[in-house]
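Notes to accompany the following structure.
The values are calculated or read from the model by the stated rules, or taken from the named source; none is laboratory data. Just so you know, these numbers come straight off a predicted model, no measurement behind them. Cβ placement follows ideal geometry from the backbone for every residue including glycine, while neighbour counts extend to all protein chains displayed. Side chains included, ligands, DNA and RNA excluded: accessible areas come from the protein's heavy atoms. Shrake-Rupley method; radii C 1.70, N 1.55, O 1.52, S 1.80 Å.
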Amino acid sequence: MRNFDLKGIKDKVDERTIDKSAKSAMALTLREGIETVWDRLEKQQPQCGFGQLGVCCNRCTMGPCRIDPFEGGLERGVCGANADLIVARNFLDDLSTGAAAHSDHGREVVETLYKTSTGQSQGYRIVDREKLNRIAVELGVDVKDRDQNDIGKDVALYLLEEFGTIKNSIKFVERAPDQTRKIWKNAGIYPRSVDREIVEAMHRIHMGVGADYANILLHGLRTSLSDGWGGSMMATEVSDILFGTPEIKESTINMGVLKEDMVNVILHGHNPILSEMVVIAARQPELLESAKKKGAKGINLAGMCCTGNELLMRKGVPVAGSFLNQELAIATGAVEVMVVDYQCIFPSIAQTADCFHTKIISTSEKSKVPGAVHMEFHPETASDTAEKIIRTAIENYPMRNPDRVMIPPKPVKMLAGFSVEAIVKALGGTAKPLIDVIAAGKIRGAVGIVGCNNPKIRQDYGHVTLAKELIKNNILVVETGCAAIASGKAGLMLPEAAEMAGDRLKEVCLSLGIPPVLHMGSCVDCSRILVLGAELGKALGVGIDQLPMAGAAPEWYSQKAVSIASYFVSSGVYTVLGVPPKIFGSKNVINLVAKDIQNVVNATFAVEPDPVEASKLIINHIEEKRKALNI
Amino acid sequence: MKTVFINISRCIGCRHCEIACITEHSAKKDLSSVLNDEPRPLPRIKVGLGINFLTFPNRCRHCDPAPCMQTCPTGAIFRDVNEGSVLVKEDKCISCGMCAMVCPFSAIIFHNTREANNQISYKCDDCIDRRKEEMIPACVDACKTDALLFGEINEIISRSKQNVVMKITSDIKGIEPFGEPENIVIFKGIMEKIAGLGPLPSSN
């Protein structure tokens, strides 16, 4: 057994991450006592078992209550809720928080389309007119002989209404195969609108409303569908309209994308609406000139987390890292400004920045951060704000202490931009070649590896190991979020990575010039995986649940991942989680989500932290699905 | 011999015992006013993380003979004759640290108390005041999973002995496992794997 007292810095670093580019900065934080998420995880130990098991209820002031997980005398909270109900309410609470985060992000993008179409925004334009028209037709918006702004306005209004509609249906849901939608109707989980499901979830978990755990979880499935096929899908589609549908492109990734002789600006968070404007501002000759006057060779933008993924997909902006890299990037000493929008921003990030010259700039009215400079983003003044951000970064460049700068040597190359449209284009215009290679068994199936990092698991180990195992077994991997950043850093998103794939998948990758692991975008872009599944299902004439597909979130931490995993499962996709959700305090809830839910949506959740074991579960599942399809 | 018996497999790391200990030793014995206490009381029982996310609530075991008591040069550490608890007479403590050095459980720290302005030997007092009122120690009272039990040690042991016998005979008969609920067994297995994959202590 290891001796924990004697553990050196190198051992600690190796236990925390497999991201080589992060190691020198992490060692610095340990040497200098700069607190990071891993230190806080240590300090929080032991973490409360009632909370981990989901049997702590802190909703009302008769409580807080907890249930004895060892089935002692403490079986009910003050209100009378047992372990099943407390676990189910907590789970629905987490799920709804996640669905709300995705969907509120989606709403802001749609609002920006509205303001752009009505001439109220600054710097935006409709970039993908073809997609605007396609979606307009899908929504039944008249496109004939109409100005694109008029179409844009109607599309935006239509979609805004989907949030609180009285129609009791969401239009994008109709993209799912008929068989899948029939399952939803029969189970009573057909999503009605984005906001409604979330509000209703909050209502249901109030004391004295839902007392039946199964009924509460069923609503969870419906709420998740309103995210995946609603709020998240709107975020993806409308971002494509405003900023362009991603096309396959080269870029670079890891903390080595920071530049020693340039003004470094990190764009961190999730929503691309402001950062797209920052990308434009950073190219202004006048700003470049003033950067040079301060002694820098130029302005270097680097993405982080899902804002990074959004910019990578559409603009090829290099990515410095994922969720767990945010403090370490600052510790390179080379970051002038870290712009944050929202979600997954450490509340303590400004304290980390205090140890260096880095300025944190918060930009969302929803996401203010103590110690950060606040430059509030509004579509009406987006260009001005973006310019101000770049100017702040330039002004801060001389404050950098060159002796403290420590940038890892070389970033890794990668391909990104695999939107469903780009995949279809690479296949020659239809999804048919993909279906053919799946039917012929060259590709056994497709797996979406998604979700976050979690400091409890060595950073990227779960993602990268699972992806390698799957491609070795001729399974195509599609990724979003921090999972995608992990594979990018590990070199799995290069066409050369085909060498790591099984012979048959390798042959397909080489013939198309694509990597065996495809970057499909940010976490709201998990909706692209749903669309891909829907396309495949429709082409084969089956529901998504019958496809040789699976989902995985090997290192998830966030409530958003609860929603994603739930809409994967609700859509018929077997999903393996690497970190247990907070449900193990209830045998009945475990039985429901791991077994009985099969009878409702023909898919289940599984929990398996070991990525090699997880790959076995997934391979078995895919082979079973193939057998059922007779392929 | 009465003691606080630790049922290790039942500890889930909630740290209710720590909060209860702080509250019990605060000026008003009231959680909401603890933050106003000066000096702020520290928990005299501490739940630590071991391997595989398993936890252990560590406190003074009130040994007999007690190494701390034997080594204390001023006689500040003494035994309560009625309850057998090992206690500190604060005004006699010279903060030499010998008691902490010989404590087999590292259960003694040094901290200011309301009576002493210097950092003195600070340890579990077995809730001696509560005991005098026939109440069980605050940490045991707070524990909702029976990880902490208070009573005659042989009585508690005989109860767990019976559990062992039940478990072994169930195993022989191959009937429903006797012991922890299945969901908890699965959860602990998952957490053991996570410990093996990350930076926190693991058996791997």
## Note on the structure
Residue count, region A:582-596, condition within 26 Å of A:Glu624 (Cα to Cα) and open to solvent by less than 10 Å² (accessible area, probe 1.4 Å), comes to 1
### Message
Taking the conditions exactly as written (within 30 Å of B:Pro199 (Cα to Cα) and surrounded by fewer than 16 Cβ atoms within 10 Å (Cβ to Cβ)), does B:Pro104 satisfy them or not?
### Response
yes
### Query
Can A:Phe50 be described as assigned to a loop (DSSP other than H, G, I, E, B), within 13 Å of chain B (Cβ to nearest Cβ) and not polar (S, T, N, Q)?
no
### Query
Pick from region A:475-500 the residues that are open to solvent by 10 Å² or more (accessible area, probe 1.4 Å) and more than 17 Å from the chain's Cα centre (by Cα): which of them is nearest to A:Gln44 (Cα to Cα)?
A:Ala490
### Message
I need a count of the residues in region B:4-18 that are facing chain A (nearest Cβ under 9 Å) and either without any contact (Cβ under 8 Å) to a residue 24 or more places away in the chain or part of a helix (DSSP H, G or I) (or both).
### Response
3
### Message
Looking at region A:356-400 only, could you name the residues that are surrounded by fewer than 21 Cβ atoms within 10 Å (Cβ to Cβ) and either basic (Lys, Arg) or not assigned by TED's automatic domain parsing to the domain that holds A:Gln326 (or both)?
### Response
A:Lys366, A:Lys368, A:Lys388, A:Arg391
### Task
Please name all residue pairs, on different chains or six or more residues apart, with Cβ atoms under 7 Å, provided the first residue is in region A:109-137 and is in a helix (DSSP H, G or I) and the second residue is among the hydroxyl-bearing types (Ser, Thr, Tyr) and open to solvent by less than 70 Å² (accessible area, probe 1.4 Å).
A:Val109/A:Ser239; A:Thr112/A:Ser121; A:Thr112/A:Tyr124; A:Lys115/A:Ser121; A:Thr116/A:Tyr124; A:Lys131/A:Thr245
#### Entry: Failed criterion for A:Leu415 (all others in (1) open to solvent by 40 Å² or more (accessible area, probe 1.4 Å); (2) under 28 Å from the mean Cα position of the chain (by Cα) hold)
(1)
### Message
Between A:Lys582, A:Lys625, which is more than 14 Å from chain B (Cβ to nearest Cβ), in contact with a Leu (Cβ under 7 Å, 6 or more places away or on another chain) and either assigned to a loop (DSSP other than H, G, I, E, B) or not aliphatic (A, V, I, L, M) (or both)?
### Response
A:Lys625
### Query
Just a yes or no: is a residue in region A:178-191 farther than 30 Å from A:Pro581 by Cβ, assigned by TED's automatic domain parsing to the domain that holds A:Val87 and part of a helix (DSSP H, G or I)?
yes
## Note on the structure
From the option list B:Arg40, B:Arg44, single residue qualifying as open to solvent by 50 Å² or more (accessible area, probe 1.4 Å) and either assigned to a loop (DSSP other than H, G, I, E, B) or touching a Ser or Thr at 6+ places or on another chain (Cβ under 8 Å) (or both) is B:Arg40
### Query
Limited to region A:96-137, what total is found for residues that are loosely packed, with under 15 Cβ neighbours inside 10 Å and acidic (Asp, Glu)?
1
### Message
I need the full set of residues from region A:446-464 which are over 13 Å from the mean Cα position of the chain (by Cα) and at negative phi, in order please.
### Response
A:Ala446, A:Val447, A:Asn454, A:Pro455, A:Lys456, A:Ile457, A:Arg458, A:Gln459, A:Tyr461, A:Gly462, A:His463, A:Val464
### Query
Do we have B:Pro65 as farther than 30 Å from B:Ala195 by Cα and open to solvent by 50 Å² or more (accessible area, probe 1.4 Å) here?
yes
### Task
Looking at (1) surrounded by fewer than 18 Cβ atoms within 10 Å (Cβ to Cβ); (2) under 26 Å from A:His102 (Cβ atoms), find the lone condition where A:Cys344 falls short.
(1)
### Query
Residues A:Glu260, A:Glu250: which one is open to solvent by 10 Å² or more (accessible area, probe 1.4 Å), under 30 Å from A:Ile394 (Cβ atoms) and in contact with a Leu (Cβ under 7 Å, 6 or more places away or on another chain)?
A:Glu250
### Query
In region B:175-187, is there at least one residue being within 11 Å of another protein chain (Cβ to nearest Cβ), of a type in the set (Gly, Ala, Ser), over 19 Å from the mean Cα position of the chain (by Cα) and surrounded by fewer than 19 Cβ atoms within 10 Å (Cβ to Cβ)?
yes
### Query
Taking region A:501-523 on its own, how many of its residues are surrounded by fewer than 24 Cβ atoms within 10 Å (Cβ to Cβ), of a type outside the set (A, V, I, L, M) and not in a helix (DSSP H, G or I)?
2
#### Entry: region A:442-463 - residue that is within 14 Å of another protein chain (Cβ to nearest Cβ) and open to solvent by less than 10 Å² (accessible area, probe 1.4 Å) and, of those, nearest to A:Lys489 (Cα to Cα)
A:Asp460
### Task
Within region A:67-75, identify whether any single residue is of a type in the set (Gly, Ala, Ser), in a loop (DSSP other than H, G, I, E, B) and facing chain B (nearest Cβ under 10 Å), and answer yes or no.
yes
### Query
Could you give every pair whose Cβ atoms fall below 8 Å, whose first residue belongs to region A:26-43 and is away from chain B (no Cβ under 12 Å) and loosely packed, with under 14 Cβ neighbours inside 10 Å, and whose second residue is among the β-branched types (Val, Ile, Thr) and assigned to a helix (DSSP H, G or I), counting only separations of at least 6 or pairs across chains?
A:Arg31/A:Ile9
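Conditions (1) touching a Cys at 6+ places or on another chain (Cβ under 9 Å); (2) within 23 Å of A:Ala320 (Cβ to Cβ), marked per residue:
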residue	(1), (2)
A:Leu427	no, no
A:Val437	no, no
A:Val450	yes, yes
A:Gly462	no, yes
A:Asn474	no, no
A:Ala484	no, yes
A:Glu496	no, yes
A:Gly513	no, no
A:Val524	yes, yes
#### Entry: Selection count where residues are surrounded by fewer than 17 Cβ atoms within 10 Å (Cβ to Cβ), under 22 Å from B:Val47 (Cβ atoms) and among the aliphatic types (A, V, I, L, M), scope region A:44-63
0
### Query
When region A:315-361 is examined, which residues are found to be over 18 Å from A:Arg16 (Cβ atoms), assigned to a helix (DSSP H, G or I) and within 16 Å of the chain's Cα centre (by Cα)?
none
### Task
Being small (Gly, Ala, Ser), open to solvent by 10 Å² or more (accessible area, probe 1.4 Å) and at pLDDT 95 or above narrows it down to one of A:Gly303, A:Gly333, A:Gly295, so name that one.
A:Gly295
#### Entry: Boolean, A:Val569 is within 14 Å of chain B (Cβ to nearest Cβ) and crowded, with 20+ Cβ neighbours inside 10 Å
no
### Message
I'm trying to understand the selection: among the residues of region A:537-554, which are open to solvent by 10 Å² or more (accessible area, probe 1.4 Å) and hydrophobic (A, V, I, L, M, F, W, C)?
### Response
A:Ala539, A:Leu540, A:Val542, A:Met549
### region A:3-38, residues that are within 27 Å of A:Phe584 (Cβ to Cβ) and among the charged types (D, E, K, R)
A:Glu15, A:Arg16
